[in-house]
1. Considering only the range 76-122, state which residues are in contact with an Asp or Glu (Cβ under 6 Å, 6 or more places away or on another chain) and either closer than 16 Å to G29 by Cβ or outside any helix (DSSP H, G or I) (or both).
2. What number of residues within the range 97-133 are over 19 Å from the mean Cα position of the chain (by Cα) and under 21 Å from Y37 (Cβ atoms)?
3. Tell me, please, whether a residue that is surrounded by fewer than 20 Cβ atoms within 10 Å (Cβ to Cβ), within 17 Å of F180 (Cα to Cα) and in contact (Cβ under 8 Å) with a residue 24 or more places away in the chain can be found in the range 260-280.
4. Got at least one residue in the range 231-253 being more than 24 Å from V123 (Cβ to Cβ) and modelled with pLDDT under 95?
5. Taking the options D207, D226, D217, name whichever one is out of contact with any Gly (no Cβ under 6 Å at 6 or more places or on another chain), over 20 Å from A85 (Cα atoms) and surrounded by 18 or more Cβ atoms within 10 Å (Cβ to Cβ).
6. Tally up the residues in the range 112-155 that are within 16 Å of T6 (Cβ to Cβ), among the small types (G, A, S) and surrounded by 20 or more Cβ atoms within 10 Å (Cβ to Cβ), please.
7. Please go through the range 33-75 and pick out each residue that is of a type in the set (K, R), assigned to a helix (DSSP H, G or I) and more than 17 Å from D190 (Cα to Cα).
8. Considering every residue within the range 180-201, establish whether at least one is modelled with pLDDT of 95 or more and under 29 Å from R115 (Cβ atoms).
Amino acid sequence: MKILVTGAAGFIGFHSSVRLLEAGHQVVGIDNLNDYYDVQLKEARLAILERTAGFSFKRLDLADRAGMSDLFRSDDFQVVLHLGAQAGVRYSLENPFAYIDSNITGTLTVLEGCRNSGVSHLVYASSSSVYGSNTKQPYSVDDRVDSPVSLYAATKRADEVMCQAYAHLYGFPITGLRFFTVYGPWGRPDMAYFKFADAIMAGKPIDIYNNGNMERDFTYIDDIVDGIEVVVCGPLYASDATPHRIYNLGNNRPAQLMDMISVLERKLGRPAKKNFLPMQAGDVYSTYADIEATQRDLGFTPKTSLEEGLTRFSQWYMARRR
């Protein structure tokens, strides 16, 4: 099967591409390699992919309408795994237009490409951020998600609504995956656990928001990719039944932020200097995934504990520092 992976040089895109290639699929990856975080890290991921048989890459911005149209016209993709996006809740306060260009316009170019080229199935990334200020937990895909607390969350919810409309109008299956705080080797340096590791090893203080009174449904990357692989490679559901579906991909076991920091301190072998701060705009106190539907339909069961996941991350992190 030939699969288009957008955001292939990103954290989840890289790991997903590796898994799909190992399963014997052809993967065409696109990415604009922007400088939101260290481009060298993206290039290092990409170098691994480009050494793997069955992978090809094109540097392309999702918001490039003509380029995206040409891409879909020039190739025959059976499935599209749309992971490319402008990530980060806090950065959306600084550069909001990047989120409209990448997450809204970029998703529309993907939808149009799929519609016009007869793609069998579109799988796209959403986020736990869409649950916003919801107080009911765990978060269920049946909950209302109309109270976003960041522009990032608003754009990811807009993606879901656009995909719902396209699935209804044009009848091809679309599946959305709401990711919950994904972490692990080759991760994003803007994520808390990675920033904490950098600061701890440099002897600098770490900023801990809401005075540490936060919890996250930390989900290890291999568990996330297990869920993605089932959706991408599994049997398609009937397009005339429910052409658009959404699933939570989360650990279903939230951990306290301070517990995560304690594990990281032990794995890195150094104590953290802690700078406690108030809650930052756009943040939420807690995330917690209800995965009942995901387990029922996809057989998704996270296997990696926070202790094990941070052990693997720390080993990778320390090896890259040498």
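1. G88
2. So the count comes out to 1.
3. No, the conditions are met nowhere in the range 260-280.
4. Taking the range 231-253 and keeping what is more than 24 Å from V123 (Cβ to Cβ), we get 253.
Next cut, modelled with pLDDT under 95 only: 253.
Looking for residues that are more than 24 Å from V123 (Cβ to Cβ) and modelled with pLDDT under 95, one finds at least one in the range 231-253, hence yes.
5. Checking each option against the conditions leaves just D226.
6. Summing the residues that are within 16 Å of T6 (Cβ to Cβ), among the small types (G, A, S) and surrounded by 20 or more Cβ atoms within 10 Å (Cβ to Cβ) in the range 112-155 gives 4.
7. R65, R73 - these are the residues of the range 33-75 that are of a type in the set (K, R), assigned to a helix (DSSP H, G or I) and more than 17 Å from D190 (Cα to Cα).
8. Scanning the range 180-201 turns up at least one residue that is modelled with pLDDT of 95 or more and under 29 Å from R115 (Cβ atoms).
The values are calculated or read from the model by the stated rules, or taken from the named source; none is laboratory data. Fair warning: this is a prediction, and the values are worked out from it, not measured in the lab. Counting neighbours? That spans all protein chains shown, and the Cβs are built from the backbone with ideal geometry, glycine included.
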